[in-house]
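Notes follow the structure.
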Amino acid sequence: MILLAIVAGTLVAGIGSVWLAAALSFGALARYTQHMLSLAAGALLATAFMHLLPEAFESQAGAHDLFLVLLVGLVFFFLLDKAELWHHGHEHHHGPAAHGHEAHDDHGHAHHGPHHGHSHGADKPAGSWAVLTGDSVHCFGDGVLIASAFVADLRLGAIAALAVLAHEVPHHMGDLMVLRAGSSNKRAALVKVTLAGAVTALGGITGYWLVDQLQDYLPYFLAVASSSFIYVALADLIPQLQKRLTARETAAQIAWLGVGIGMVALVSSIGHAH
């Protein structure tokens, strides 16, 4: 039962986020990109602070150890981000000035919103494969985190899957834009990123086996998942929202942030009802 839930949750998070990213990048929903960033930030913070961390602290693990794991996780994702940025800068140091306007996720992959013109020339086809490889590794890690949450509690797993779906949307938007830069075929780009997103399920199955073998370490897995969500929200998503806006636009940002938090709370209440 748990394994089936993990497979379903990881497929929804991995593939659903790609299709939603395609709708936001190419479809009629493109105007709502900023709203989705706010929603994702709210969902990630709520998942970390309202569910993953409380679940970890309800275990027999010591609070000091869990906070240490949380701190180490945040520093790790920061250093990983730095390493990827350094690699990206050396790989594309001859590129156009537009590179300076990229936003990066917790693994250093570029986010390219519809308003960020960015061209990876067609003379660098290897860049597409680098993006897909990095995306696959990232999705595999997301699958392990989702599996950890499902093993702890089915309700927690559903919330974690929704949070991963939300935070992967801007990430996959960047991947789609990079792939489109070297090819005019939207369908091919969507198929490639969808296959990378499907790797989330492979990570979930592997994570199910790992967590089952290491039950005593589950609280620490949850703390690491929390550090990932918190880092993405505070270091990536929210900075993209910190710009001078009108009062109406600011209110919309806050409202969508609240929707993200409310979405997590709603899933939690449904889980309690059953």
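The values are calculated or read from the model by the stated rules, or taken from the named source; none is laboratory data. Everything numeric in this text was worked out from a predicted model, so none of it was measured. We place every Cβ from the backbone using ideal geometry, glycine too, and count neighbours over all the protein chains shown. The accessibility values were calculated without ligands, DNA or RNA, using every heavy atom of the protein model including side chains. Shrake-Rupley method; radii C 1.70, N 1.55, O 1.52, S 1.80 Å.
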- Message: Using a 1.4 angstrom probe on the protein heavy atoms only, could you order Lys82, Lys192 from most to least accessible area?
- Response: Lys82, Lys192
- Query: Say each of Arg248 and Leu68 gets a label point 7 Å from the Cα, pointing the same way as Cα to Cβ; how far apart are those two points in nm?
  - Reply: 5.3 nm
- Note on the structure: Share of accessible surface on carbon and sulfur in the range 1-89, whole %, 1.4 Å probe and ligands ignored, is 75 percent
